[in-house]
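Down below is the structure, laid out as structure tokens.
The values are calculated or read from the model by the stated rules, or taken from the named source; none is laboratory data. Quick caveat: nothing in here was measured; it's all calculated off a predicted structure. Cβ placement follows ideal geometry from the backbone for every residue including glycine, while neighbour counts extend to all protein chains displayed. Surface accessibility is based on the protein's heavy atoms, side chains included, excluding ligands, DNA and RNA. Shrake-Rupley method; radii C 1.70, N 1.55, O 1.52, S 1.80 Å.
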Amino acid sequence: MLAEVMTVGDELLTGNTVDSNSAFIAKRLTERGYWVRRITTVGDDVGEIKKAINEILERKPDVLVISGGLGPTHDDVTMLAVAEALGRRLVLCEECLEKIKAFYERLYREGYIDDPALNEGRMKMAYLPEGAEPLENSEGAAPGAYIEHNGVKIFVLPGMPREMKAILENEVLPRLGERKFVQLKFLAGITDESKLAPLLKEALERFNVRIHSSPKGFGKYIGLIIFAGSEEEAEKAARFLEEKGIRLERWKL
């Protein structure tokens, strides 16, 4: 199962904000058995977002997770861009509007804001692409959206990490279901990655696995992560490397 991740925000491209969202999303998708094929970052521009989405859809992943640009300001244009990329209209989600209204009324009661009234920016967050299913945001105002388009499951999430994580865990992952998938992590007792390379190549040819190597500097060790659909297949690859003289120790990240 293939997945792609797209993050949106000028602040990510200028370096003012570190893109931790893509790493978190990719990790959780990988744990669910998806191969995250690409991570794309674009700025707050409707044309650029549309172009990136269409390029991703041409590659036909099973899942696309988009994060960022769902807020009330002028540069929050992700929902509009998604709608245009899919050839759909933006339509008002009445359910979303009621939840947004309740959210700001609660903030007002708790003394965080001085006006709970629905203004243009707050109402803007209640518009979703036509046919999209709203995803509940338990940590903020802007809802996420779930759309199936030509066989691709598309999830659109806020960029605030706390909100993104809540929707990913509570709304996205349950819709993806559980898949059998394992990651075995080792420290390889070899100091030169170039000496390990031919053995990894042979292991990939022999077993239905993927292997990620992470050198820790010459004269130290090399971290290995073996990805497979079953622990048995991953263990076979590990035993093969040990039989070739590579000492492996379990690696706890």
Task: Per-residue ³J(HN,Hα) for the range 185-195, Karplus 6.51 cos²θ - 1.76 cosθ + 1.60, θ = phi - 60°, Hz, x for Gly and Pro - done: 10, 9, 9, 8, x, 9, 9, 10, 4, 5, 6
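Calculate, for residue 240 and residue 59, the FRET efficiency according to 1/(1 + (r/R0)^6) with r their C-beta to C-beta distance and R0 35 Å; round to the nearest 0.05.
After rounding to 0.05, the efficiency reads 0.65.
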Open item on the list: Using the basic label-point model (7 angstrom from Cα toward the beta carbon), what is the residue 150 to residue 16 distance in nanometres?
Closed with: 3.5
Task: Long-range lysine pairs (8 or more apart or interchain), the range 74-201, Cα under 30 Å - done: 16
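Using the heavy atoms of the protein chains and a 1.4 angstrom probe, tell me the accessible area per residue for the chain in square angstrom.
Values: 13160 Å² over 253 residues.
So the chain comes to 52 Å² accessible per residue, rounded to a whole number.
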Task: Among [x] 16.9, 52; [y] 21.8, 69; [z] 19.9, 67, the entry derived from the coordinates for Rg and Dmax of the Cα atoms in Å - done: [y]
Open item on the list: Running a GNM on the chain with Cα contacts under 10 Å, which residue among 49, 222, 113 ends up with the highest mean-square fluctuation?
Closed with: 113
Open item on the list: Pairs of alpha-carbon atoms within less than 8 angstrom and 6+ residues apart define the contacts here; what relative contact order does the chain have, in percent?
Closed with: 16
TODO: Compute the FRET efficiency between residue 232 and residue 123 as 1/(1 + (r/R0)^6), taking r as their Cβ-Cβ distance and R0 = 51 Å, and round to the nearest 0.05.
DONE: 0.40
TODO: Take each of the peptides 232-238, 68-74, 197-203, average the number of other beta-carbon atoms within 10 Å over its residues, and list them starting from the highest.
DONE: 68-74, 232-238, 197-203
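Please list 99, 60 in order of solvent-accessible area, largest first, computed with a 1.4 Å probe with all protein chains present.
Order by accessible area, largest first: 60, 99.
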Task: Amide H within-cut-off set for residue 223, under 5 Å, with H built and near neighbours excluded - done: 188, 214, 216
Task: 5 angstrom amide H check on residue 6, placed H, neighbours 5+ away - done: 40, 65, 66, 67
TODO: Tabulate in residue order the Karplus-calculated ³J(HN,Hα) for the range 17-32, using 6.51 cos²θ - 1.76 cosθ + 1.60 with θ = phi - 60°, rounded to whole Hz; enter x for Gly and Pro.
DONE: 10, 7, 7, 7, 4, 5, 5, 5, 4, 4, 4, 5, 5, 4, 5, 8
TODO: Could you tell me the accessible area of residue 1 in Å² (1.4 Å probe, neighbours in place), rounded to the nearest ten?
DONE: 90
TODO: Largest first and to the nearest Å, give the Cα extent of the range 90-232 along each principal axis.
DONE: 65, 38, 23
Task: FRET efficiency, 1/(1 + (r/R0)^6) with R0 35 Å, evaluated for residue 201 and residue 175 via beta carbons - done: 0.45
Task: In Hz, Karplus ³J(HN,Hα) per residue of the range 102-108 (6.51, -1.76, 1.60; θ = phi - 60°; x = Gly, Pro) - done: 5, 4, 6, 5, 5, 4, 5
Open item on the list: Tell me the accessible surface of residue 250 in square angstrom (1.4 angstrom probe, heavy atoms of protein chains only), to the nearest ten.
Closed with: 130
Task: Largest to smallest accessible area among 146, 108, 34 [probe 1.4 Å] - done: 108, 146, 34
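Calculate, in nm to one decimal, what residue 193 and residue 1 gain on full extension: separation in residues at 0.36 nm each, minus their alpha carbon distance. Before the final figure, lay out each step's value.
Values: separation 192, 0.36 × 192 = 69.12 nm, distance 2.92 nm.
Net length gain for the segment: 66.2 nm.
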